[in-house]
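Undergrad: Below is one structure. I have some questions about it.
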Amino acid sequence: MGKGWKAAGKTENAQKKGQLFTKLAREIAVSSKTGGPNPDMNARLRMAIDAAKKVSCPNDTIERAIKKGAGLLDDGKIIEELTYEGYAPHGVGVIVECQTDNKHRTAPEMRAVFKKHDGNLGESGSVAWMFTRVGIIEAAKSGNFDIDEEAIEAGADDVVKHDDGSFEFFTAVENLDSVKVALQGRSWNVTQAHLGYKANNTTDLTEEQLKDVQEFLSAVDDLDDTHRVYATV
């Protein structure tokens, strides 16, 4: 799954180490590159900017990232999106999406983390069969409501609640945009809408095993180039 495994304080820790702003800037740059530098015409860019502002990312960092993605700032670096697959400890399937300006740095760092935590970094397709490619929408809404009814009316296939009170809606890939619009029409504040992965089944773990897996996932997430992590937990 997406962010559900993350422990409390994860965002704060990343921000203190200066990693969060870097990751947010890369998402802004990639969004600007793929959909254009105008947030009014690029929903992914607009949400990336909103996410950056929410944690007080400096405006000059945001503007620089937009220009970089749009090709208006030639610093010789190109951001690529890469995907890694493998097994966390205890047979947990993991897919890691990365955004990097140096894939020759990213690959050895990823291998090192997997090895250190008794994981196994595999080839493309090695664990993809454990997941389904889906649309994922993160959103929040105030007031009283029936979440199952909200999901059905918006056309979502599934929904889960996170500890912070937000919800994660899952859709078929082709329905991502229509469900996002439907949720916004029902007064939901959509903070993320992207394609991702949903585990077909979760791996049975003891409490001690789950601790090992969470430590591994945190280590993977702490890498500068990691964008999103999905696991069968």
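The values are calculated or read from the model by the stated rules, or taken from the named source; none is laboratory data. Note that this is a predicted model, so its numbers are computed, not measured. Please note: Cβ atoms are built from the backbone with ideal geometry, for glycine as well, and neighbour counts cover all protein chains shown.
Undergrad: Assuming Leu210 fulfils every condition listed in (1) outside any helix (DSSP H, G or I); (2) among the aliphatic types (A, V, I, L, M); (3) assigned by TED's automatic domain parsing to the domain that holds Ala88 apart from one, which condition is it?
TA: (1)
Undergrad: Related question: Would you point out which residue out of Asp163, Asp221 is closer than 21 Å to Val55 by Cα, in contact (Cβ under 8 Å) with a residue 40 or more places away in the chain and assigned to a helix (DSSP H, G or I)?
TA: Testing whether each residue is closer than 21 Å to Val55 by Cα, in contact (Cβ under 8 Å) with a residue 40 or more places away in the chain and assigned to a helix (DSSP H, G or I) leaves just Asp221.
Undergrad: Now, a different point. Tell me whether segment 65-88 contains one or more residues that are under 30 Å from Glu208 (Cα atoms) and in contact (Cβ under 8 Å) with a residue 60 or more places away in the chain.
TA: Yes: one or more hits.
Undergrad: Can I ask one more? Scanning for something in a loop (DSSP other than H, G, I, E, B) and of a type outside the set (Gly, Ala, Ser), does segment 172-184 turn up at least one residue?
TA: no
Undergrad: Would you confirm whether any residue within segment 150-172 is buried (at least 20 other Cβ atoms within 10 Å of the Cβ) and over 23 Å from Thr202 (Cβ atoms)?
TA: Yes, the conditions are met somewhere in segment 150-172.
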